[in-house]
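The values are calculated or read from the model by the stated rules, or taken from the named source; none is laboratory data. It should be emphasised that the depicted structure is a prediction, and the values quoted were computed from it without experimental measurement. Counting neighbours? That spans all protein chains shown, and the Cβs are built from the backbone with ideal geometry, glycine included.
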Ligand code: C5P
């Protein structure tokens, strides 16, 4: 059986955060996907989790000592850095991030950062106030400017009991990012891909809105996959709680009108438009400035929202246009009609009884030549790559 990370050498750097125990799961997931992993720990990481745990699971010695020769009798940090395909530091503490940003190399992990030539991916984890501190943010910006890939932290409950941003990114997000960085093709180089994602919210009054259950995951997965394949990626997102994939330029919008302006404003620069957003078809005709009072009954007049994709279809030129069709019945015939009506190259039809809001989805992809391809239930990342494979085929004129 083949695995997605077969033959890949990964260094997993673990620093002294309470989230260090999650690095054990990361190690298991990466080795499960076929990677060979060498674990490097800081002094303080060893106070949170025993090196023996990592040693047992990775079946390799743990590198901690700057002054020891490694198992091949070479200078450890130089030899290890030379062998690796990726250096993942998860969790990365504020202290380690500061050292990396300034070239301080006082332990094995930070020396390795300076001596390795492979891509570096950081997954920060710390308390809310530390993560928000301008010093930490400045250090992260500095590292990103040097090409280090930095995952956003997640929002939620922290070890301190505070609620906020600072939690280590989720296991599957980290491993998905690793996979993206290590298995990319460059077949979208030179393209600017604009992806829309998430729902729109159409306000009724200052506290209420009309919306739908879209999570934004499909659009974010496409943005990340397009970036991995070398495209310049613009993401226009409705309200979601998802982190921006590193290297992607994101514009946040709330309503369909705002999404229309954000898309049309960037259309000239766009060579491929993928409309994965679940745009609300209607908006309330009035937006009350104050919270509406309870009444015995209430009738709300709804107006049709602009159709962003149809508008982009009218200005198509050589741009490739991909739409989505979320349906509960007559999937293929409805999708085929939309493909024609909106001047699309491809349409991705999904039965919303499977994919909406979840981690996996089952889609059928239709093209202008009348081909209908029904895919099995797959992760949204895999579906994203399947869609992009067909976009590349359209570009080549296959
Ligand atoms: O016609 P329907 O809403 O089913 O078409 C879905 C496709 O059109 C999706 O790609 C969606 O992002 C896009 N759309 C749009 N503007 C709207 C409604 C849908 O761009 N107002």
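Within the range 310-328, being touching a residue at least 40 places away in the same chain (Cβ under 8 Å) and either crowded, with 19+ Cβ neighbours inside 10 Å or within 15 Å of the ligand (Cβ to nearest atom) (or both) holds for 311, 312, 315, 319, 320, 321, 322, 323, 324, 326. When residues in the range 329-338 are screened for being more than 10 Å from the ligand (Cβ to nearest atom) and either part of a strand (DSSP E or B) or in contact with a strand residue (DSSP E or B) (Cβ under 7 Å, 6 or more places away or on another chain) (or both), 3 of them pass. In the range 146-159 there is at least one residue matching the filter, namely being modelled with pLDDT of 90 or more, within 30 Å of residue 394 (Cβ to Cβ) and in contact with a helix residue (DSSP H, G or I) (Cβ under 9 Å, 6 or more places away or on another chain).
List the strands (runs of 3 or more DSSP E) inside the range 132-197, counting only whole elements, that have at least 3 residues being in contact with a strand residue (DSSP E or B) (Cβ under 6 Å, 6 or more places away or on another chain) and closer than 20 Å to residue 17 by Cα. Even if it seems obvious, please write down each step before you answer.
Values: elements: 154-157, 163-167, 192-197.
Passing ranges, in order: 154-157, 163-167.
Going residue by residue through the range 352-366, is there one that turns out to be without any contact (Cβ under 8 Å) to a residue 24 or more places away in the chain, in a loop (DSSP other than H, G, I, E, B), surrounded by 13 or more Cβ atoms within 10 Å (Cβ to Cβ) and touching a strand residue (DSSP E or B) at 6+ places or on another chain (Cβ under 8 Å)? Yes, the conditions are met somewhere in the range 352-366. For beta carbons closer than 9 Å, sequence separation of 6+ or different chains, a first residue in the range 291-309 that is away from the ligand (no atom under 16 Å from the Cβ) and a second that is in a strand (DSSP E or B) and modelled with pLDDT of 95 or more, the qualifying pairs are 300/210; 300/284; 301/284.
I'd like to check something: does the range 231-250 contain any residue that is over 30 Å from residue 184 (Cβ atoms) and within 11 Å of the ligand (Cβ to nearest atom)? No, the conditions are met nowhere in the range 231-250.
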